[in-house]
Amino acid sequence: MQPAMSLTRKMGKLILIWSVLSSLTGSAAVFTFESLPLSTATPFDDTSDGITASFTSPDAAAFSISPGLLFSTLSGQVLQEVPSPTMHTLQIAFDTPLQSITLQFALNGAQSHTLSIEAWRGSTQVGSASAFGTIPPLGLFPEGTLSFNAGAFDMVQLISTAEDFAVDNIDAVVIPEPASVVLTVAALAALLTASGKRKAA
């Protein structure tokens, strides 16, 4: 029975360590635009899981909530650029710093076009990323996923080389609170100390 008990303890320990390390990842909120009335135009605020995002554009009402009927991977309601000969920038400011953001997009243009994201912390640019879209089977527009996770930021800017674009399912992961990190590290240290004492005994 001793080997079985030892295996059970090891499995329990691994599960506990995994749980502790998982708590170092911040909580996430997904902005799907489903609760907003159709035709809601920038600027507007949306709140998900306690995180508030402010959606704006230098060109005022350049983006609005629309049904995503023409898209394959974007579902329900989407935030779409109002068709215009001018390329518009979408700005999203968050009320708490983020460690990563991922979103789905669709582009009105050829697959050679891109959607770009710039991440900012206050007036300092943290970094940027770009992605191409691909036309899904039976789809009409290039669609894809764009992510950024290099540093802390509280605002992003999106702009595309395509004529216009739409976004959906914006997954924002906040930075864990310092107190939570301290408690997590303390719990892990206590776990390792207890494990060391059992081995010594």
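What follows is calculated from the coordinates using simple rules that are stated; it is not laboratory data. Being a predicted model, the structure only gives us computed values, none of them experimental. As a convention, Cβ positions derive from the backbone with ideal geometry for all residues, glycine included, and neighbour counts pool all protein chains shown.
Here are some notes:
- Gain in span if fully extended, SER54 to ALA131, counting 0.36 nm per residue against the direct Cα distance: 25.4 nm
- Peptides ranked, highest mean first, by Cβ atoms within 10 Å: ranges 74-81, 151-158: 74-81, 151-158
- Extension gain for the segment GLU34 to THR96, taken as residue separation times 0.36 nm less the Cα-Cα distance, is 20.1 nm to one decimal.
- Each of SER72 and THR145 was given a label point 7 Å from its Cα along the Cα-to-Cβ line. The distance between the two points is 1.6 nm.
- From largest to smallest, the equivalent ellipsoid semi-axes obtained for segment 26-177 from the alpha-carbon gyration tensor read 23, 17, 15 Å.
- Point-charge dipole on Cβ atoms (K/R +1, D/E -1) for segment 67-177, about Cα centre, debye to 20: 160
- Centre-to-centre, using Cα atoms only, segment 87-116 and segment 137-165 are separated by 3 Å.
- Legend: ranking of residues PHE132, PHE33 from fewest to most surrounding C-beta atoms inside 10 Å; resulting order PHE132, PHE33.
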